[in-house]
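Structure first, then comments.
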Amino acid sequence: MGNQRRVVILGGHGKVALLAEPKLKEAGFSVDAVIRNPAQSDDVRAAGANPVVFDMEHANVDSFAGLFEGAVAVVFSAGAGGGDAVRTHAVDYQAAVNAMDAAQKAGVRRFVMVSYDTADRDPKEMGWPESFVPYAQAKHDADAHLLDSSLEYTILGPGMLTLEPETDRIVLTDDHTMIDGKPATPEQRKTSRGNVAAVIARVLSADVAKRKTLAFYDGDKPIDEVLV
């Protein structure tokens, strides 16, 4: 294990993370999956990752930096799950920002952020339901911080996440939710979590899409041909 390149996944028990962990292992990485609840450890081990219990919500930059020491990449796939605006801000914004600053401090260059397709738009102009605004604002502001950093980031912008089987085929959007110059339909704006996991594994194993935002939906082009 000592010579394997180590990836740290924040939100290691999330649906996307549990699908990404075996793919990263298969690609030759060792994976530290950061979880809040020790009871999730067996699920993480079953996915081929090493469980690391760590309270992101209350950790400072130095704590994160210690966690990242020696890693080649950090994947932020965590989320408070909505519902509580204070906790959403703490996890989806503050913990994300602390993680970015810590990655820079620890000398980790690669940072993959799992976001969503319109996160770069001003949430106040999107007409979101009131309950969604704290999450949208947190993701928007966290992504903005990442864009301003010196990290070799990749921001992933899937559409509506589904539990459909992965196809390993996607389509990149032209601009926000446009495909080939036309607005994507609600049916097109769907992305299986398995395809998000496959994109995470691809950008890290092939070392592509650095300092890029990738908005994508399930499509018809193989991921390894789209992301080169």
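The values are calculated or read from the model by the stated rules, or taken from the named source; none is laboratory data. Worth saying up front: this structure is predicted, and the values here are computed from it rather than measured. Quick reminder, even Gly has a Cβ in these numbers, built from the backbone with ideal geometry, and neighbours come from all protein chains shown. Side chains are part of the model used for accessible areas, which takes the heavy atoms of the whole protein and leaves out ligands, DNA and RNA. Shrake-Rupley method; radii C 1.70, N 1.55, O 1.52, S 1.80 Å.
Are any residues in region 150-164 within 24 Å of Val208 (Cβ to Cβ) and open to solvent by 30 Å² or more (accessible area, probe 1.4 Å), and if so, which ones?
Quick first cut of region 150-164, residues within 24 Å of Val208 (Cβ to Cβ) only: 150-159, 161.
Once the filter is applied, which keeps residues that are within 24 Å of Val208 (Cβ to Cβ) and open to solvent by 30 Å² or more (accessible area, probe 1.4 Å), region 150-164 yields Ser150, Glu152, Leu161.
Can you go through Pro158, Pro165 and tell me which one is more than 23 Å from Val7 (Cβ to Cβ) and not small (Gly, Ala, Ser)? Before you say what the answer is, go through the steps one by one.
Details: Pro158 fails: more than 23 Å from Val7 (Cβ to Cβ).
Selected residue: Pro165, the only one of Pro158, Pro165 that is more than 23 Å from Val7 (Cβ to Cβ) and not small (Gly, Ala, Ser).
Just give me the residues in region 196-219 being in contact with a Gly (Cβ under 9 Å, 6 or more places away or on another chain) and more than 15 Å from Val7 (Cβ to Cβ), in sequence order. Walk me through how you get there before you give the answer.
Residues of region 196-219 in contact with a Gly (Cβ under 9 Å, 6 or more places away or on another chain): 205, 213-218.
Scanning region 196-219 gives Thr213, Leu214, Ala215, Phe216, Tyr217, Asp218.
Residue count for region 176-222 under the criterion of being without any contact (Cβ under 8 Å) to a residue 60 or more places away in the chain, open to solvent by 10 Å² or more (accessible area, probe 1.4 Å) and among the β-branched types (Val, Ile, Thr): the result is 3.
Can you tell me which residue in region 23-56 is surrounded by the fewest Cβ atoms within 10 Å (Cβ to Cβ), limited to those that are among the basic types (Lys, Arg) and either touching a Cys at 6+ places or on another chain (Cβ under 9 Å) or not in a loop (DSSP other than H, G, I, E, B) (or both)? Let's see the steps before the verdict.
Just the residues of region 23-56 that are among the basic types (Lys, Arg), to begin with: 23, 25, 36, 45.
When the remaining residues are screened for being either touching a Cys at 6+ places or on another chain (Cβ under 9 Å) or not in a loop (DSSP other than H, G, I, E, B) (or both), the result is 23, 25, 45.
On the way: Lys23: 22, Lys25: 17, Arg45: 13.
Result: Arg45.
If only residues of region 57-72 that are open to solvent by less than 80 Å² (accessible area, probe 1.4 Å) and in a helix (DSSP H, G or I) are counted, the one that is farthest from Arg6 (Cα to Cα) is Glu57. Filtering region 121-139 to residues that are touching a residue at least 24 places away in the same chain (Cβ under 8 Å), among the charged types (D, E, K, R) and either touching a strand residue (DSSP E or B) at 6+ places or on another chain (Cβ under 7 Å) or more than 16 Å from Val97 (Cβ to Cβ) (or both) leaves only Arg121.
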